[in-house]
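These notes concern the structure reproduced below.
The values are calculated or read from the model by the stated rules, or taken from the named source; none is laboratory data. As the structure is a prediction and not an experimental result, all values here were calculated from the model. Counting neighbours? That spans all protein chains shown, and the Cβs are built from the backbone with ideal geometry, glycine included.
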Amino acid sequence: MPFTSWRGVVGLIKPTFRPGSLEEFIRLTPEGLGVIPLFLDIQRGTIDEFKEAINAYEEKVAKLAELEVDLIHPEGGPPFMLQGYEGERAITTAWEKKYGVPVVTSAQTQVEAMRVLGIKRAVGATYTSGETNDALARYYGEAGIEMLAFEPIAVPFDRAGQLSHLEVYAHTKRVYLAHPEADGILLFGSGWRSLDAIELLEQDLGVPVVHAVTARVWAIERRLHIHEPVEGYGRLLAEMP
């Protein structure tokens, strides 16, 4: 018998066992929203590993559908974004048809958030690098958002969670100031603990900031017809547009 919660249940597929973003997500969501997390074991953050992950994701999608969740949210942008914007959409559409449950990825929530905040030319800050970042920039371009820069911070993939939000703030600010024509900022990836940088960046730079976790909260609540603003983490959650 499926488990239920009075405001709905979302099934998350976490790409790694890295702690942090699950706790942040639950802390920012309202009482009554049930969360069922499943996990993959991506460790190296390489192109090959990302490409191999899609089949593992589908196994988790099938399990969450069996549990009759109201929405499935596969996290971890790169495995899907490497398929291209339309390729990713084809995958999620096929899963929705096959399993009968709405599916939205991390990247899709971020594109939706940038659009609703009026961001057309953005700079991105991230802890991924190399070919992955090239693919991410192409993905956003295909979605109609020009990435003026997509700059990694120098940290190993498995150590991103050890960065302070002050380091994230300083890195992101440098990226933006090199491209002041940008009308928004993307903090890509939920592996770093960067929530507390959002409000500071918006306050100091005067542009909206899209963050993986806040975009996730906003998009999931919108799909489940929940409207509960949260102050202190940027415009997206404060205004819930």
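Any chance region 178-189 includes a residue that's farther than 20 Å from L148 by Cα and surrounded by fewer than 17 Cβ atoms within 10 Å (Cβ to Cβ)? No, region 178-189 contains no residue that is farther than 20 Å from L148 by Cα and surrounded by fewer than 17 Cβ atoms within 10 Å (Cβ to Cβ). Is there a residue in region 221-237 that is over 28 Å from V69 (Cβ atoms) and free of Cβ contacts under 8 Å to residues at least 24 places away in the same chain? Yes, some residue in region 221-237 is over 28 Å from V69 (Cβ atoms) and free of Cβ contacts under 8 Å to residues at least 24 places away in the same chain.
Exactly one residue among F3, F25 is aromatic (F, W, Y) and within 23 Å of L163 (Cα to Cα), and that residue is F25.
Count, please, the residues in region 131-142 that happen to be without any contact (Cβ under 8 Å) to a residue 24 or more places away in the chain and exposed (fewer than 15 other Cβ atoms within 10 Å of the Cβ). Here the count works out to 2. Only a single item in (1) in contact (Cβ under 8 Å) with a residue 24 or more places away in the chain; (2) farther than 19 Å from H211 by Cα; (3) not in a loop (DSSP other than H, G, I, E, B) is not met by E151, and it is number (2).
Within region 179-199, if we keep just the residues that are touching a Lys or Arg at 6+ places or on another chain (Cβ under 9 Å) and part of a loop (DSSP other than H, G, I, E, B), the residue that is nearest to L163 (Cα to Cα) turns out to be G191.
Scanning region 154-169 for residues that are of a type outside the set (S, T, N, Q) and not in a helix (DSSP H, G or I), we see that the one that is modelled with the lowest pLDDT is P156. Checking region 200-209 against the condition returns no match, with no residue being among the polar types (S, T, N, Q), buried (at least 19 other Cβ atoms within 10 Å of the Cβ), modelled with pLDDT of 95 or more and in a helix (DSSP H, G or I). Can you tell me which residues in region 106-130 are within 14 Å of the chain's Cα centre (by Cα) and surrounded by fewer than 19 Cβ atoms within 10 Å (Cβ to Cβ)? If the condition is that a residue be within 14 Å of the chain's Cα centre (by Cα) and surrounded by fewer than 19 Cβ atoms within 10 Å (Cβ to Cβ), then E112 is the only one that fits.
Here V111, V123 are screened, and the one residue that is assigned to a helix (DSSP H, G or I) and either in contact (Cβ under 8 Å) with a residue 24 or more places away in the chain or among the acidic types (D, E) (or both) is V111.
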